[in-house]
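Asker: If you scroll down you'll find the structure; I have some questions about it.
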Amino acid sequence: MKKIIDDLTWRYAAKQYDPTKKLTEEELNIIKESLRLTPSAYGLQPLKFLFIETPSLREEVKVIAHNQSQVVDASHLLVICAHTSIDESYIDHHVKRVTEVRNTPAERAAGFSDFLKKNVLAIPVEHVEPWNIRQAYIALGQVLHTCASMRIDATPMEGFDAKALDEKLGLAKQGLKSVLLCPIGFRSPEDAYQYLPKVRKAPENIFETR
């Protein structure tokens, strides 16, 4: 139990990364699996996780992200994207995947499909994209904690031109929209913020029992 609190106390939004320190393949695979296991509404996972590795592309993304150095200095750069819509074919693909993994009987799979289509396809079109975007923040929370537990830094970022990034990465043609950037790597010893006490509201000001 104490380890959880130690992990969360240790993490902070790193402002400076050590560009010489890189994630191992094992560490990266654990982070990817944590993202894959992220909970989502109905298990639909209306998300895609892009890792930008090409140095020249990361330099271009840095400009789009208002020249924040973490984008190029961190070991890896994660872009959390959301689908802009969910249609019948998306649900069919999800049900097929559930059926394969769980060996679901055809009758039960059909019932699940009908349930999803009745509920999800009834959501007004203009509400689907915001709904999917909210799923991205669940993934962000999960990856931040996963990284902290491994003593790996991760910095959530909304400070970028999403429209420009979507165009640069060709996301619209994939039915995607960028939601968050998250550089992942190892803090620089020169980043003064890591040495400051964490500031949060006092318990009595943030919790209420009714």
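The values are calculated or read from the model by the stated rules, or taken from the named source; none is laboratory data. Not measured: the values here are computed from a predicted model. With ideal geometry, Cβ positions are generated from the backbone for all residues, glycine too; neighbour counts draw on all protein chains shown.
Quick grid of which residues meet (1) in a helix (DSSP H, G or I); (2) touching a residue at least 60 places away in the same chain (Cβ under 8 Å); (3) in contact with a His (Cβ under 8 Å, 6 or more places away or on another chain):
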site: LEU8; (1), (2), (3): yes, yes, yes
site: GLU26; (1), (2), (3): yes, no, no
site: LYS48; (1), (2), (3): no, yes, yes
site: PHE51; (1), (2), (3): no, no, yes
site: GLU60; (1), (2), (3): yes, yes, no
site: VAL72; (1), (2), (3): yes, no, no
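Asker: Inspect region 82-94 for any residue being at pLDDT 95 or above, among the charged types (D, E, K, R) and assigned to a helix (DSSP H, G or I) and give the result as yes or no.
Answerer: Filtering region 82-94 down to residues at pLDDT 95 or above leaves 82-94.
Next cut, among the charged types (D, E, K, R) only: 87-88, 92.
From what is left, the residues that are assigned to a helix (DSSP H, G or I) are 88, 92.
So far as region 82-94 goes, yes, one or more of its residues are at pLDDT 95 or above, among the charged types (D, E, K, R) and assigned to a helix (DSSP H, G or I).
Asker: A further question follows. Tell me, which helices (runs of 4 or more DSSP H) wholly within region 104-210 include 3 or more residues that are surrounded by fewer than 13 Cβ atoms within 10 Å (Cβ to Cβ)? Lay out the reasoning, then the answer.
Answerer: Numbers: elements: 106-120, 125-149, 162-169, 203-206.
Qualifying helices (runs of 4 or more DSSP H): 106-120, 125-149, 203-206.
Asker: Just one of VAL199, VAL101, VAL120 is out of contact with any Cys (no Cβ under 6 Å at 6 or more places or on another chain), aliphatic (A, V, I, L, M) and in contact (Cβ under 8 Å) with a residue 40 or more places away in the chain; which is it?
Answerer: Only one candidate qualifies: VAL120.
Asker: Got a sec? Which of LYS3, LYS48 is among the basic types (Lys, Arg) and farther than 16 Å from HIS145 by Cα?
Answerer: Going through LYS3, LYS48 in turn, just one is among the basic types (Lys, Arg) and farther than 16 Å from HIS145 by Cα: LYS48.
Asker: Still on this structure, I have one more. What are the residues in region 1-16 that are closer than 24 Å to ALA74 by Cα and not β-branched (Val, Ile, Thr), if any?
Answerer: ASP6, ASP7, LEU8, TRP10, ARG11, TYR12, ALA13, ALA14, LYS15, GLN16
Asker: Between GLY159, GLY175, which is touching a residue at least 60 places away in the same chain (Cβ under 8 Å) and more than 23 Å from PRO46 (Cβ to Cβ)?
Answerer: On the way: GLY175 fails: more than 23 Å from PRO46 (Cβ to Cβ).
GLY159 is the lone residue from the list that is touching a residue at least 60 places away in the same chain (Cβ under 8 Å) and more than 23 Å from PRO46 (Cβ to Cβ).
Asker: Next up: Does ALA65 satisfy the condition of being crowded, with 21+ Cβ neighbours inside 10 Å, farther than 20 Å from GLN174 by Cα and in contact (Cβ under 8 Å) with a residue 60 or more places away in the chain?
Answerer: Numbers: crowded, with 21+ Cβ neighbours inside 10 Å: yes; farther than 20 Å from GLN174 by Cα: yes; in contact (Cβ under 8 Å) with a residue 60 or more places away in the chain: yes.
Taking the combined requirement at face value, the residue satisfies it.
Residue by residue, here is whether (1) in contact with a Cys (Cβ under 7 Å, 6 or more places away or on another chain); (2) crowded, with 18+ Cβ neighbours inside 10 Å; (3) of a type in the set (S, T, N, Q) holds:
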{"position": "LEU28", "(1), (2), (3)": "no, no, no"}
{"position": "GLU33", "(1), (2), (3)": "no, no, no"}
{"position": "THR38", "(1), (2), (3)": "no, yes, yes"}
{"position": "ALA41", "(1), (2), (3)": "no, no, no"}
{"position": "LEU47", "(1), (2), (3)": "yes, yes, no"}
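Asker: Give me the pairs: first residue in region 130-141 and free of Cβ contacts under 8 Å to residues at least 12 places away in the same chain, second residue surrounded by 14 or more Cβ atoms within 10 Å (Cβ to Cβ) and part of a helix (DSSP H, G or I), beta-carbon distance under 9 Å, and six or more apart or on different chains, which are they?
Answerer: Hits for this filter: ARG134/ALA41.
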